[in-house]
Each structure stands twice: as structure tokens, then as C-alpha cells.
Amino acid sequence: VSPLRARLLRGYDAFVHGLVRSATSPGTKAVQRAALFVWVAFNTLSYLPLHAHFWGARSYGGDGLFNPDNPFHWYSRVMMHPRVAPYYPLFIAVQLGAALLALLGIRLWTMTLLVHVTTVNLFNKAWMTLDGGHNLVSLMLTYMLFMNLPQSDGGAPVQTALSNAALVMMRLQVVAVYLTAGLCKVGGELWQSGMALFYVLQVDRYSHPAVRGLLADHAWMSVVATYATVAFQLAFPPLVWVRRARPWLLAAGVFFHLQIAFVMGLTTFGLAMIVAYACFLPEAWSQAILRAAQRWRRAVLAAPDPAP
Amino acid sequence: MTPSSTSRRHDACRTRKGEELVSRAWPEKRRITDALAALAVLGVLAAHTAATALYLLPRNPIKASTAGVVNAYMDQFFQQDWHLFSPDPGRSSLNLWLACTAEDGSSTGWVDPAAPLLELHHRFRVGPWGKLMFSYGEIASSLIEATAHARAVCGAPGDDGAPLCAEAYAALARTGVYADARRFAIDKCREALGARRPLASVAMRIVELHPFPYSERGRIRLEPFARADKIDLLEIEVKQ
């Protein structure tokens with residue numbers, strides 16, 4: 001065998017074997033999975049105090065959403081079926097219970113499927129409240145159905161390959177978010193002039209009273225933040241694949257999305273983007289996070305009862 | 001497989017550092033099935049990535065010719081929109097204001113049912129109030145979309161406070177969006193008046209609030225908004 005052929009063969013073998021016989025980045029997958037399930041539970045719990053306004057008799061905009069002739073609606077909108085609608089608390093209970101069991105690693109694929117079906121139904125019913133965060137999470141949950149397939153740890157070639165491909169797809173999905181948003185902004189007049197954030201933050205529902213006046217007094221803040229937003233969204237797609245740049249990029253992204261969550265008030269979107277970053281974590285970091293979580297869990301379980 | 005070929009295969013599966021790249025036990029038959037599995041999954045991944053790219057791209061000839069297939073696939077579980085305040089962010093907010101009149105003739109005047117929710121949303125970023133406020137805003141947005149055609153028919157679009165003409169109003173009243181807004185208005189008015197004052201009628205007003213432009217930023221601390229565009233809908237008589 002010539003050296004070149006041996007090299008090509010080695011590369012091919014490594015690629016095929018890596019795709020179908022070994023679970024790529026198991027730690028990263030576990031952290032991503034946990035982060036998504038925590039977000040799903042957090043989102044539902046945050047809606048819970050006013051559940052009837054979103055999913056029950058006091059909700060609006062839900063009529064006619066279920067079409068019995070559409071086979072997909074029997075999965076993703078079955079909660080809007082007139083006979084099923086009154087039982088929406090069951091969907092909430094199943095979603096939260098399945099998310100908890102999935103976090104504990106019990107019947108992972110079945111629980112992922114239950115979280116998926118209940119989440120898309122709850123999202124579709126409360127469509128008036130959805131933002132990009134819900135959109136991203138529903139996509140990530142769909143990819144997770146493939147990521148968490150049984151025997152995807154190298155035991156079965158197709159399942160393993162699909163699981164590995166799902167992780168790649170999650171990463172590409174986050175890249176697609178930034179690429180689309182960044183390129184669309186480049187053509188916008190207000191993003192070009194640096195005044196986009198000034199105007200966004202004057203709309204009371206995307207702002208906070210303290211911030212409105214601040215930007216009026218210091219216009220340069222709007223210009224810097226507007227250009228930084230576009231620069232970040234355009235830089236993310238190519239730079240996230242560069243190992244050395246990735247930690248800095250993710251740290252900047254976390255800061256950027258915390259601002260979106262707490263200054264603009266788009267909490268679910270801001271936190272969903274941060275959760276989606278988990279798929280880019282290096283395996284070593286993910287393993288360290290998992291070990292820390294395990295230590296914390298042991299410490300909690302081993303904690304002595306408080307004195308009477 | 002001969003012993004020498006096994007040895008060659010084994011040698012080929014080590015890195016320069018001598019680390020084993022592939023399992024020793026990787027028989028020829030399994031290599032073929034693995035290669036086929038890899039090929040199939042890579043094909044699916046490539047097709048899905050291409051569909052996502054076409055779905056997200058701006059209008060172009062390829063997108064136009066493949067839209068039927070791509071949308072049918074993507075719209076079920078991969079629907080997405082990442083415009084996120086672009087190309088330009090919205091510079092106004094839509095609200096549905098209500099005026100509730102009780103049977104005894106007393107009235108609430110124009111009230112914004114989302115106002116208390118906005119205050120809570122500003123105070124508590126984590127909670128359901130912001131979400132509920134957005135859903136009220138969505139009722140107003142859907143309603144203004146539904147009235148667009150009606151206002152065009154009337155020939156007086158955007159008249160401040162002008163009621164819609166009868167024909168346009170009749171068409172609007174047949175829409176599901178209007179039925180939803182009507183139910184919302186009656187519910188909110190009943191809450192506002194309480195059980196002791198039965199509701200007699202409800203008036204709906206779509207209000208678009210425009211913030212101050214940068215050139216008038218000095219007024220931001222003095223007034224909540226620069227301008228309000230209003231569209232009044234016909235009063236709804238409520239039967240008990």
C-alpha cells in the first residue's frame with residue numbers, strides 16, 4: 001500500500017468509525033441535554049401562575065389551530081383538539097415529569113419524546129407569547145430526539161451516526177440563527193446608522209424605564225451597542241469553529257444574551273441562546289461540568305438532616 | 001482476511017503517537033455496513049442542511065423553484081425565522097384600548113388592559129406577565145392586519161379616531177380575529193367593572209404608540225410617547 005493510500009485509508013477509517021461506532025463528545029451531549037431540559041422546565045414554571053391565560057379557558061387565539069386532516073397536527077397540536085383541550089394540565093405534568101426523569105437519565109429516549117410532544121403542543125397553543133427562544137428550543141428538542149436514540153453510544157451504527165449528526169446539526173442551527181440575523185441587519189437603515197438599539201429601547205415592551213433615558217443622554221452607547229451586535233452576529237458563524245476563539249466568543253455571547261434577557265426583557269430568548277451554546281463546549285469542559293454536578297448531587301444527597 | 005492484511009489494517013489504524021484509531025475488531029462485513037450507515041446519515045444531514053439554507057435564504061430563483069418541497073418539509077418541525085429586529089426594528093407598539101360602559105351608565109373611559117402587565121414586566125423580568133402582555137399586543141396586531149383591507153375599502157385609512165364604514169366593518173366582524181378580540185374585550189371589561197356593575201357595551205380602539213425620534217430625545221423623560229395613531233371600532237352591545 002502506497003503511503004498516500006494508507007493515509008487516505010486511515011483517514012476514511014477514522015472518519016467512518018468515528019461517525020458510526022463511537023459517540024462523539026458524550027459529555028457535551030449530556031450537558032446540552034441537561035441545559036435544554038432545565039430551560040423547558042423553567043419556561044413552563046414561569047408560565048404556571050397564569051396557566052389558564054395561556055393554555056386554558058382564558059386564552060385567546062387558539063381556535064381553529066387543530067386541523068384533523070393534517071396528520072402532523074395529531075402530534076404537534078393534539079392539545080388543541082376540542083376534546084383534549086380541557087386536559088392541558090396533564091400535558092404540563094407530563095412535560096415536567098419527563099424532563100425530570102430525562103435529567104436523571106431514566107428511559108432517556110422515551111422521556112425526550114414525551115418532552116418533545118408536550119412542549120410543541122404547549123408552545124403551539126400559546127403561540128401569541130412565543131419568541132425566537134421558543135423557536136430555537138423546539139428545533140433543538142427535535143434534534144435531541146435523534147441525539148438521544150437508544151444504543152447511540154456506539155452500539156448500533158445508524159443510531160450512533162444519527163446521534164453524532166444531531167450534535168453537528170445543533171451547532172449548525174445556532175450558526176444559522178446568527179448568520180441570518182446578522183446578514184438581515186446589515187441591510188437595515190437603523191443598524192447602519194447605529195441607532196437601532198436607541199429605537200428598540202424606546203419601545204416600552206422591549207425596554208426598561210431606566211434605560212430609555214440613559215440612551216437619550218448618551219447616544220454613543222446606542223451606536224457602540226448597535227455596531228457591536230451586528231459585528232458579533234457576523235463574527236460568530238466563522239469564529240465559533242476556531243478552537244482558540246471559541247471561549248471568548250461564547251463569553252461575549254453570554255454577556256450579549258443576558259442583556260437581551262434582563263434589559264430588553266426577552267428572558268426566554270436570551271436564556272435559550274445561552275442554553276444552545278452548550279453544544280459548542282469542548283468535551284473536557286463538559287466533563288468537568290458533569291463531575292461538578294455529580295459532586296453537588298452527592299453533597300446534597302449526603303447532607304445531614306437539619307437539627308430539630 | 002489474511003494475517004498480513006489484518007496487520008496492515010491494524011497499522012493503518014494508529015496515529016503517529018501510536019494511539020489506536022479504530023477498533024481491532026472491525027471485520028470487513030461490518031466495515032461495509034458501517035460505511036453504508038455513514039453514507040446514509042451524511043446524505044440525510046446534507047439534505048437537511050440544504051433545506052434549512054434554502055428555507056432561510058432571501059428570495060431567489062432556486063428558492064422559488066424548490067419552495068413547495070422545502071416548505072412542506074420544514075414547516076412541520078423545523079419552522080424558523082431569525083429576522084430578530086431586522087432589517088429594521090419596529091419603532092412603535094400596538095395596543096388594544098377598551099372603554100367599558102355599565103348598565104347603570106357609568107364608564108371606565110379608555111383603558112389599556114396591558115398597562116398593569118407592562119409595569120409588572122418592568123419590575124420582574126422572570127414571570128408570566130411579560131408573556132401575557134405580548135399576547136395582548138398580538139391581539140391588537142392581528143386586528144390591525146384584519147382591518148387593513150377594511151380601511152382600504154373605506155378609503156379613509158389612518159383617520160384619527162374615525163370609525164370604520166359599515167361594509168368594511170361587516171367584513172371584519174366575520175373574521176376569527178375579530179371574534180377573538182371581541183371575546184377579549186368583553187372578558188376584560190367584565191373584570192374591570194366587577195360583578196356588581198353588569199356590562200352594557202364595549203368599545204375597542206387600536207392604538208399605535210410611536211416613541212420620540214432621536215431629534216426629539218429631550219422629551220423622553222417628560223412624556224411616555226411622541227404620537228398615538230388610533231383606529232376606533234364600532235361599539236359592541238353586550239347581552240347578559
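The values are calculated or read from the model by the stated rules, or taken from the named source; none is laboratory data. Every value quoted in this text rests on a predicted model; they were computed, and no experiment measured them. When we count neighbours, we look across all protein chains shown, and the Cβ atoms used for this are built from the backbone with ideal geometry, even at glycine. We work out accessible area using only protein heavy atoms, side chains counted, and drop any ligands, DNA or RNA first. Shrake-Rupley method; radii C 1.70, N 1.55, O 1.52, S 1.80 Å.
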Mean separation of Cα pairs under 8 Å and 6+ residues apart, divided by the residue count of chain A: what relative contact order is that in percent? 23 percent
With every protein chain kept in place and a 1.4 Å probe, region A:10-59 has an accessible area per residue in Å² of 35 Å²
Counting only other residues whose beta carbon sits under 12 Å from that of A:Leu271, what net charge do I get with K and R as +1, D and E as -1? 0
Stokes-Einstein at 10 °C, 1.306 mPa s, Kirkwood radius from Cα pairs: D for region B:60-219 in µm² s⁻¹? 84 µm²/s
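Once you list every other residue whose beta carbon is under 15 Å from the beta carbon of A:Val115, what net charge do they have if Lys and Arg are +1 and Asp and Glu are -1?
Values: positive: A:Arg33, A:Arg107; negative: none.
Result for the local shell: +2.
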For region A:121-238, what does the accessible surface come to per residue with a 1.4 Å probe? Please give it in Å². 32 Å²
What's the longest uninterrupted piece of chain A once you rule out the chymotrypsin sites (Phe, Trp or Tyr not before Pro) that are loop residues per DSSP with at most 16 other Cβ within 10 Å? A:73-240
Between B:Ile32 and A:Arg58, what is the spin-label point distance in nm, taking each point 7 Å from the Cα along the Cα→C-beta axis? 6.6 nm
Treating only the Cα positions of the protein assembly as shown as identical point scatterers, give the base-10 log of I(q)/I(0) from the Debye formula at each q in 0.05, 0.10, 0.13 Å⁻¹. -0.27, -0.96, -1.46
Checking A:Arg298, A:Arg246, A:Arg212 against a Gaussian network model of chain A (alpha-carbon springs below 10 Å), the top fluctuating residue turns out to be A:Arg298
Size of the A/B contact, given as accessible area buried on both chains, probe 1.4 Å, in Å²: 7000 Å²
Remind me, relative contact order of region A:1-125 in percent, using alpha carbon pairs under 8 angstrom and six or more residues apart? 25 percent
Let's test the formula: R0 of 22 Å, r as the Cβ-Cβ distance of A:Asp69 and B:Asn71. What FRET efficiency results, to the nearest 0.05? 0.75
Relative to the compact globular guide of 2.2 N^0.38 Å, what is the alpha carbon radius of gyration of region B:183-240, as a ratio? 1.63
Would you list the membrane-span-like helices of chain A, meaning whole DSSP H runs whose alpha-carbon atoms span at least 20 Å along their axis and whose mean Kyte-Doolittle value is at least 1.0? A:88-103, A:132-147, A:157-186, A:219-239, A:246-262
Could I have the simple spin-label model distance between A:Phe262 and B:Arg221, label points 7 Å from Cα toward Cβ, reported in nm to one decimal? 2.5 nm
Which whole-number percent gives the relative contact order of region A:173-308, counting Cα pairs below 8 Å spaced six or more residues apart? 24 percent
Whole number in Å², please: accessible area per residue of region B:92-240, 1.4 Å probe, ligands, DNA and RNA not counted. 49 Å²
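Using a 10 Å cut-off around each Cβ of peptide A:257-263, what is the average number of partner chain Cβ atoms that fall inside?
Averaged over the peptide's residues, the number is 1.
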Using a Förster radius of 22 Å, what is the FRET efficiency between B:Ala152 and B:Ser201 based on their Cβ-Cβ separation? Nearest 0.05, please. 0.20
Percent of accessible area on chain A owned by carbon and sulfur, 1.4 Å probe? 69 percent
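Mean residue ellipticity at 222 nm from the helices of chain A, using -39,500 (n - 2.57) per DSSP H segment of n ≥ 4 over the full residue count, to the nearest 500 deg cm²/dmol?
-22500 deg cm²/dmol
So for chain A, Kirkwood radius off the Cα pairs, Stokes-Einstein at 10 °C and 1.306 mPa s: how many µm² s⁻¹?
For the chosen part, D equals 73 µm²/s.
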Largest to smallest accessible area among B:Glu216, A:Glu189 [probe 1.4 Å]: A:Glu189, B:Glu216
Assuming R0 = 41 Å, can you tell me the calculated FRET efficiency for the pair B:Arg123 and B:Ile62, based on Cβ-Cβ distance, to the nearest 0.05? 0.25
In nm, to one decimal, how far is the modelled label at A:Ala299 from the one at B:Leu234, with both set 7 Å along Cα→Cβ? 6.8 nm
